[in-house]
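J.: There's a structure below that I have some questions on.
The values are calculated or read from the model by the stated rules, or taken from the named source; none is laboratory data. As the structure is a computational prediction, the values presented were derived from the model and not from experiment. A quick note on method: Cβ atoms are made from the backbone with ideal geometry, for glycine too, and the neighbour counts reach across all protein chains shown.
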Amino acid sequence: MNKIQRGALAALLIVIVVIAALAPAGIGFLFAQRSQRQAETTRLNTVADAALIRAEDVTRRLSGALGEIGKVAAAPCSQPYLRELRRIALTHRQVRDAGAYDRDGRWQCSSLLGAVSAGTLDGLTLPAPDWRSRDGLMAWYGLTRLPGGELSLVMGRNGFYVAADPALYIDGADFRAGPASGVAVINTEVSRVIATTPATDAAAVLAVYRTAPPVRDCSPYVVRRSVSMPLAVVVSAPHQSVRQRLRTLPWAWLLGGVAAGLLFAGWAAFFIVRRLSPRGQLSDAVRRHQFIVAYQPIVDLATRRCVGAEALVRWKYHDRIVRPDHFIPLAEHRGLIQAITDQVLDTVLLELGDFLRHYGEYYVSVNLSAPDLTTHRFLDVLGPAIARQGVRPQQIRIEATERSFLDAEAAKEVISAFRHAGHAVYLDDFGTGYSSLSHLQNFRIDGLKIDKSFVDTVGQDAASSSVASHIIDMAATLDVQVVAEGIEREEQAAYLHARGAQFGQGWLFSAPLSAAEFIRYAGKTRGA
Ligand code: C2E
Ligand code: CA
Ligand code: CA
């Protein structure tokens, strides 16, 4: 995967994570807001129903009181007449005052103040009514010059009237429940506001009433029309400040949504990153058996005949071949190396099983890592596998570096078990570690592989140029075999051979080969 692809993938990943985190939160929030709005509308409907019943009831009672005045037999404004007015005013809770006026609307008498002759009502004339029904019922909304001087709602008919407090229309604990709502009662025939709760803007209410059905994004409201009277009520939700809005926001839904989103996004990111990470890709490779093996011939330096090969693993990643240095450390670190070792063995036996069975003098060296040398697991796999193929234990050799002796005691024991089973064990990369020498003394092994870095300096004037020679001498003393690695030039081969190294490996002889190429190579050098 190149840099651009990686960048694009990372960007895609971020987008996915953000969407995954925000989508449930957003959906949760919208859903919660909708349900909150529905709940609010239901509440407003309840308030509106109660308000309309109340307004109709007050109107009915006032016109009932008017009807009673009409039935009074006494002469208008006579003492008995005034007595009757007072009785009516008293018996109807809603009636504040009752009285009479003449044809021109001039005041004649009032239950509160008596006859006009008393002087107070002298010259007081009712203006034209705000509303008049077909059958002669009239209404004045908001008269202030009546007895008491307070704002009154007046209903009249045939020269007599009742006055009431307009607040009656919207009073009533029954529909005040919940957050204070704006309630307004409207006369629908003349579009006049009869009464409103305090702090309700009459003009705004009328505007709302006229533009019904409701405008979406302002505070929600509902309109209820009476079927029996020219009345309607408009109930609007209380106007909320930003702080109130924040407080009533469906936080639980929002936070729940965010939490769910993050959880999901985290899971998605974890999954994707795992899949895209080197580790994820490597475990994919193990699962899909994406490893191939190259065989680098090992030759007898005296005869230049091939004696065996080292199995070198490669990762076939799409159309690329990945060298082991790039993934073996990761595989060791992430616990995938044992599976890889097993796949290398399977491949070796599959590709070279027949060859090894036919030519018993050849061997293949397999590289092991620390976990393979801590338990007998690999040995337990190896034994039956070669037995099935008819390959002798001597034909599979083991290479172990110093790094794989982490648990020295266990390694010692496992190495001795390999040797006991007939597998020669080589100490790989000899000389590059801190304690190659002590390992050579402590571990009983069959051979060592001189690291390429010491072979490289052969023939040069460098101080290390004689190290290879010293290692060979030491190996002779300890009676272990020597394989020199990384021989690229003839003079290196000649020098090492002259110093006593028996075997060599390197590009001078052959680069790592496919199984078929290796078989051909072995045949060629056999004939040599
Ligand atoms: P190594 O065991 O020291 O293997 C020798 C490495 O040197 C190989 O590299 C080989 O291709 C390279 N080589 C051989 N001759 C020459 C030469 O003349 N010149 C140069 N410049 N290089 C030469 P490779 O295949 O990349 O392997 C690298 C390392 O990966 C190996 O070092 C070994 O430690 C490890 N490895 C390879 N296969 C396996 C395996 O199956 N399991 C484990 N655990 N490790 C493996
Ligand atoms: Ca090796
Ligand atoms: Ca080596």
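J.: Being touching a residue at least 24 places away in the same chain (Cβ under 8 Å) and within 23 Å of LYS449 (Cβ to Cβ) is the filter here, so list the residues in the stretch 325-341 that pass it.
T.: Filtering the stretch 325-341 down to residues touching a residue at least 24 places away in the same chain (Cβ under 8 Å) leaves 327-328, 330-332, 334-341.
Within the stretch 325-341, PHE327, ILE328, ALA331, GLU332, ILE337, GLN338, ILE340, THR341 qualify.
J.: Among ASP354, ASP428, ASP342, which is the only one that is within 11 Å of ligand 1 (Cβ to nearest atom) and more than 28 Å from ALA468 (Cα to Cα)?
T.: On the way: ASP354 fails: within 11 Å of ligand 1 (Cβ to nearest atom); ASP428 fails: more than 28 Å from ALA468 (Cα to Cα).
The match here is ASP342.
J.: Just to be sure I understand the filter: pairs with C-beta atoms under 7 Å, separated by 6 or more residues or on different chains, first member in the stretch 27-52 and hydroxyl-bearing (Ser, Thr, Tyr), second member outside any helix (DSSP H, G or I). Which pairs pass?
T.: From residues that are hydroxyl-bearing (Ser, Thr, Tyr), the pairs are THR41/PRO220; THR41/VAL222.
J.: Would you check if there is a residue in the stretch 455-467 being hydrophobic (A, V, I, L, M, F, W, C), in contact (Cβ under 8 Å) with a residue 40 or more places away in the chain and more than 13 Å from ligand 1 (Cβ to nearest atom)? Don't jump to the end; show me each part of the working.
T.: Narrowing the stretch 455-467 to residues hydrophobic (A, V, I, L, M, F, W, C): 455, 458, 462-463, 467.
Still in the running and in contact (Cβ under 8 Å) with a residue 40 or more places away in the chain: 455.
Next cut, more than 13 Å from ligand 1 (Cβ to nearest atom) only: none.
Checked the stretch 455-467: no residue is hydrophobic (A, V, I, L, M, F, W, C), in contact (Cβ under 8 Å) with a residue 40 or more places away in the chain and more than 13 Å from ligand 1 (Cβ to nearest atom).
J.: Given the condition away from ligand 1 (no atom under 16 Å from the Cβ) and more than 27 Å from PHE405 (Cβ to Cβ), answer yes or no: does some residue in the stretch 444-454 qualify?
T.: Looking for residues that are away from ligand 1 (no atom under 16 Å from the Cβ) and more than 27 Å from PHE405 (Cβ to Cβ), one finds none in the stretch 444-454, hence no.
J.: Yes or no: ALA370 within 16 Å of ligand 2 (Cβ to nearest atom) and of a type outside the set (Phe, Trp, Tyr)?
T.: On the way: within 16 Å of ligand 2 (Cβ to nearest atom): yes; of a type outside the set (Phe, Trp, Tyr): yes.
It is true that ALA370 is within 16 Å of ligand 2 (Cβ to nearest atom) and of a type outside the set (Phe, Trp, Tyr).
J.: Return the total of residues in the stretch 459-513 being of a type in the set (A, V, I, L, M, F, W, C), farther than 19 Å from ARG397 by Cα and not in a helix (DSSP H, G or I). Break it down stepwise before answering.
T.: Step one: of the stretch 459-513, the residues of a type in the set (A, V, I, L, M, F, W, C) are 462-463, 467-468, 471-472, 474-476, 478, 480, 482-484, 487, 493-494, 496, 498, 501, 503, 507-509, 511, 513.
Okay, now just the ones that are also farther than 19 Å from ARG397 by Cα, so 462-463, 467-468, 471-472, 474, 476, 478, 487, 493-494, 496, 498, 507-509, 511.
Now restrict to residues that are not in a helix (DSSP H, G or I): 462, 487, 507-509, 511.
Residues in the stretch 459-513 being of a type in the set (A, V, I, L, M, F, W, C), farther than 19 Å from ARG397 by Cα and not in a helix (DSSP H, G or I): 6 in total.
J.: Going residue by residue through the stretch 381-389, is there one that turns out to be surrounded by fewer than 18 Cβ atoms within 10 Å (Cβ to Cβ), out of contact with any Pro (no Cβ under 8 Å at 6 or more places or on another chain) and closer than 14 Å to VAL483 by Cα?
T.: no
J.: Where in the stretch 236-336 are there helices (runs of 4 or more DSSP H), lying wholly inside it, with at least 3 residues that are under 30 Å from VAL483 (Cα atoms) and within 16 Å of ligand 3 (Cβ to nearest atom)?
T.: Numbers: elements: 242-248, 251-276, 278-287, 328-333.
Fully inside the stretch 236-336 and qualifying: 328-333.
J.: Can you spot a residue in the stretch 209-226 that is within 30 Å of LEU85 (Cβ to Cβ) and modelled with pLDDT of 85 or more?
T.: Yes, because at least one residue in the stretch 209-226 is within 30 Å of LEU85 (Cβ to Cβ) and modelled with pLDDT of 85 or more.
J.: Quick check: is even one residue across the stretch 353-369 within 43 Å of the chain's Cα centre (by Cα), within 16 Å of ligand 3 (Cβ to nearest atom) and under 21 Å from ILE415 (Cα atoms)?
T.: Here is the first cut: in the stretch 353-369, the residues within 43 Å of the chain's Cα centre (by Cα) are 368-369.
Checking the rest, the ones that are also within 16 Å of ligand 3 (Cβ to nearest atom) come to 368-369.
Adding the requirement that they be under 21 Å from ILE415 (Cα atoms) leaves 368-369.
There is at least one residue in the stretch 353-369 that is within 43 Å of the chain's Cα centre (by Cα), within 16 Å of ligand 3 (Cβ to nearest atom) and under 21 Å from ILE415 (Cα atoms).
J.: Can I ask one more? Quick check on my filter: what residues within the stretch 498-510 are closer than 15 Å to ALA311 by Cα and in contact with a Pro (Cβ under 9 Å, 6 or more places away or on another chain)?
T.: Matches in the stretch 498-510: GLN505, SER510.
J.: Let me ask another. Answer yes if at least one residue in the stretch 504-521 is modelled with pLDDT under 95 and either surrounded by 19 or more Cβ atoms within 10 Å (Cβ to Cβ) or in contact with a Lys or Arg (Cβ under 9 Å, 6 or more places away or on another chain) (or both), and no otherwise. Even if it seems obvious, please write down each step before you answer.
T.: Going through the stretch 504-521, the residues modelled with pLDDT under 95 turn out to be none.
The answer is no; no qualifying residue exists.
J.: Separate question: Please work out which residue is nearest to TYR363 (Cα to Cα), limiting yourself to the stretch 294-309 and to residues that are surrounded by 21 or more Cβ atoms within 10 Å (Cβ to Cβ) and of a type in the set (Val, Ile, Thr).
T.: The qualifying residue nearest to TYR363 (Cα to Cα) is ILE298.
J.: A further question follows. Please give the strands (runs of 3 or more DSSP E) falling wholly within the stretch 65-144 in which 2 or more residues are free of Cβ contacts under 8 Å to residues at least 40 places away in the same chain. I'd like the intermediate steps shown before the answer.
T.: Details: elements: 95-101, 107-110, 138-143.
Because the criterion is at least 2 residues that are free of Cβ contacts under 8 Å to residues at least 40 places away in the same chain, the strands (runs of 3 or more DSSP E) in the stretch 65-144 that meet it are 107-110, 138-143.
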